[in-house]
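Worksheet: the structure to be examined is printed underneath.
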């Protein structure tokens with residue numbers, strides 16, 4: 001049963017980890033406009049909750065997400081025919097809205113791909129920080145087989161993750177491939193037996209959440225993702241110079257050093273919801289030249 005606050009997914013928090021479970025198993029968790037809104041709201045909730053240190057995303061039943069719901073038949077991708085906009089009017093891709101919300105997260109996001117992940121089911125994975133798969137998972141960037149183009153900003157994400165040659169091979173053919181090929185191509189980092197999928201995802205989440213500064217994790221995540229688009233290492237140097245000055249005088253930095261010297265677990269006081277340094281978000285300004 002779906003979460004009462006969401007129509008298409010379940011949301012739960014335990015031990016500092018939020019679990020988002022796509023929950024339309026009778027439709028193989030096929031993506032709809034409602035699922036888009038639910039996912040964005042779930043990521044908003046996780047980002048605003050300082051008790052959440054990481055997010056795990058998975059699917060209910062035997063699929064992760066089988067792609068767009070094709071209930072509209074031939075009109076599935078024809079927004080004008082559905083009365084959603086005038087022909088050629090400007091309208092943002094719904095998968096892209098989810099992908100960009102993930103990209104903007106302060107919390108790390110781990111995908112636990114339990115079954116088929118096709119179309120938007122595959123592209124929504126790309127901005128997630130760690131992707132692991134069940135041995136039963138299947139992947140497909142099937143857009144050329146549906147007469148459309150890759151969406152969810154995947155033409156930006158996919159080549160950066162797996163390289164342009166591998167991205168072209170998968171996208172141009174549109175074929176579905178198994179988890180072993182996904183790992184060999186760099187799309188997922190691990191393939192595990194189905195019964196180990198969620199336990200392993202939570203292990204990875206706790207590697208990040210236990211003993212790290214939540215503010216440092218948020219900043220490091222954004223630095224690594226956003227510098228993929230920088231045209232020179234000087235761009236990273238400008239930003240991390242400013243951030244290291246600001247974080248270096250923070251209570252978290254003091255606690256990190258003292259706890260190490262005292263050989264005890266760190267107790268970082270700063271919260272991503274309220275204590276980000278002044279330089280964040282640096283991409284909305286030019287800190288110095």
Could you tell me which numbered condition residue 169 fails, if it satisfies all but one of (1) in a helix (DSSP H, G or I); (2) without any contact (Cβ under 8 Å) to a residue 60 or more places away in the chain; (3) within 20 Å of the chain's Cα centre (by Cα)?
(3)
Would you check which residues across the stretch 243-265 are touching a helix residue (DSSP H, G or I) at 6+ places or on another chain (Cβ under 7 Å) and crowded, with 17+ Cβ neighbours inside 10 Å and list them?
243, 247, 252, 253
Lone unmet requirement of (1) in contact with a helix residue (DSSP H, G or I) (Cβ under 6 Å, 6 or more places away or on another chain); (2) within 27 Å of residue 99 (Cα to Cα) for residue 268
(2)
Within the stretch 198-228, the count of residues that are in a helix (DSSP H, G or I) and within 23 Å of residue 12 (Cβ to Cβ) comes to 16
If residue 231 satisfies every condition in (1) assigned to a loop (DSSP other than H, G, I, E, B); (2) in contact (Cβ under 8 Å) with a residue 24 or more places away in the chain; (3) not assigned by TED's automatic domain parsing to the domain that holds residue 137 but one, which is the exception?
(2)
Look at the stretch 148-176 and say how many of its residues are surrounded by fewer than 13 Cβ atoms within 10 Å (Cβ to Cβ) and closer than 16 Å to residue 95 by Cβ.
1
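The values are calculated or read from the model by the stated rules, or taken from the named source; none is laboratory data. On a predicted model such as this, the values are computed, not experimentally measured, just so you know. No Cβ is skipped: glycine too gets one built from the backbone with ideal geometry, and neighbour counts run over all protein chains shown.
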